[in-house]
Amino acid sequence: NMASGQQWVLVEMVQAFYEAPAYHLILEGILILWIIRLLFSKTYKLHETYKLTEKEKEDLIEEWQPEPLVPAISREHPSLNYVVVTGPPSHKIVIDGKECINFASFNFLGLLDNKRVKQKALASLMKYGVGTCGPRGFYGTFDVHLELESRLAKFMKTEEAIIYSYGFATIASAIPAYSKRGTSSLDEAACFSIQKGLQASRSFIKYFKHNDMEDLERLLKEQEVEDQKNPRKARVTRKFIVVEGLYINTADICPLPELVKLKYKYKVRIFLEESMSFGVLGEHGQGVTEHFGVNIDDIDLISANMENAVASIGGFCCGRSFVIDHQRLSGQGYCFSASLPPMLAAAAIEALNIMEEDPDIFTVLREKCKQVYMALQGTPGLKLVGVPFAPALHLQLEKSSGCRNSDLQLLHSIVHYVSHVCSRSPRGKDISSAPHKDGSSLSYTSASQKITTLWGEKNIFSVCYSRKTHYM
């Protein structure tokens, strides 16, 4: 029976061979010949080698010159010739032994030199020491960290908050914890930390024009069409809109109500970076959500640093508990960096106390912002960019040549004119320029002066340098 069965199978194979189409037989024949060739051909060929003499080796080693690790940089580069501060960074500051007025701080609310804040930080220093020497998950969680997270969540009216020990790393760590090769729509004026976070997440980034909701909706519609073509991929692809509350590069405020509408219409998530608006906007300093009266639960994740209004170090994210808890496992800056020094956490807690006890501090700041905005109107050759209540404004060239070097030369000539001519009038201006920083970040604005407002004493306002140039 077995022998007859094998014969029957053989007959079927022969019959199938005769019935098969010609192209099928030709293809099988080619594949068989290719397999035979691979089996009997050598996979590599030995190349003839030439042995170098010891003298030839020494000559080659002597002639070899390694490529430089970095491009040649002049010792006169501004970044290599920084000034040295030798005193407390309050309204007056000692630089290279000379007392100057401090125009180099984002100390919007004047809490940097506040006696209450310093006393709390000093008491914490005496109790805990200067640092933690460990990340949060490895003996780096102190009681003041938990208290600060609780206070931030209460202040922002969210379920939970998480703190980081470095402001830049906050949003740069939070984005990769969620995005993970998703599709992100990013405002082209977004700050450098957001850009680095999205690059680290390896997301597919689509840029929309600054604060242009029509352009953003166009991108969302295109994505919707792509999702319909491949629904299986769409189900596992996360989609985000990443914006700033107050843009540090343009001093504009984001149209948050319109963004929330697009979020629900196209089923995307919103990440909101509020480093410039936290402690600035809103009746109680809660940021752009309070400014517009938007329900904070409509925002999936809010991040901000504590290095501006709070006058401390580090940053935080806040939102729903299940969103924040994920960062405790996946936020690289949280998991692998030493936790925030307890004295800085204590200082931030006291700063929050002051902000809650005296909400008029935000009204005073906004009034000073408006004073700065009005004072800068009509600067020759420059146009003022930003909203009147922004603590950081930009003076941009009225007409750009399209060439960075030419724009910088023109900007410096305008600075020279204003500082030597306009400053002589009774109510004149004095503008001084600092070197622009070159980097790999997305460049949105042309050569400009950046101006920031401080909560000064005796009803005066100060204007300070930040990153690019400064106004005095």
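The values are calculated or read from the model by the stated rules, or taken from the named source; none is laboratory data. A quick note: this is a predicted structure, and the numbers were derived from the prediction, not measured. No Cβ is skipped: glycine too gets one built from the backbone with ideal geometry, and neighbour counts run over all protein chains shown. These accessible areas exclude ligands, DNA and RNA; they are computed on the full protein's heavy atoms, side chains included. Shrake-Rupley method; radii C 1.70, N 1.55, O 1.52, S 1.80 Å.
Accessible area ranking (1.4 Å probe, heavy atoms, ligands and nucleic acids excluded), largest first, for 139, 373, 334, 50: 139, 50, 373, 334. For the range 115-357, the solvent-accessible area with a 1.4 angstrom probe is 44 square angstrom per residue.
Given R₀ = 22 Å, what would the calculated FRET efficiency be for residue 147 paired with residue 297, taking r from the Cβ atoms and rounding to 0.05? So the FRET efficiency works out to roughly 0.40. Taking the average, over residues, of other Cβ atoms within 10 Å as the packing measure, peptides 71-79, 339-347, 53-61 rank 339-347, 53-61, 71-79 from highest down. Share of carbon and sulfur in the accessible area of the range 115-357 stands at 54%, probe radius 1.4 Å.
Charged neighbours of residue 218, selected by a Cβ distance under 12 Å, balance to -3 (K, R count +1; D, E count -1). Protection proxy ranking for 301-312, 144-155, using the average of other Cβ atoms within 10 Å per residue and placing the highest first: 301-312, 144-155. Note on residue 399 and residue 54: the model spin-label points, each 7 Å out from Cα along the C-beta direction, lie 7.4 nm apart. In this label model, residue 221 and residue 32 are separated by 5.9 nm, measuring between points 7 Å along each Cα→Cβ vector. Counting only protein chain heavy atoms and rolling a 1.4 Å probe, the accessible areas of 35, 324 rank, largest first, as 35, 324. With the highest mean first, a sort of the peptides 217-226, 407-416, 243-252 on other beta-carbon atoms found within 10 angstrom per residue produces 243-252, 407-416, 217-226.
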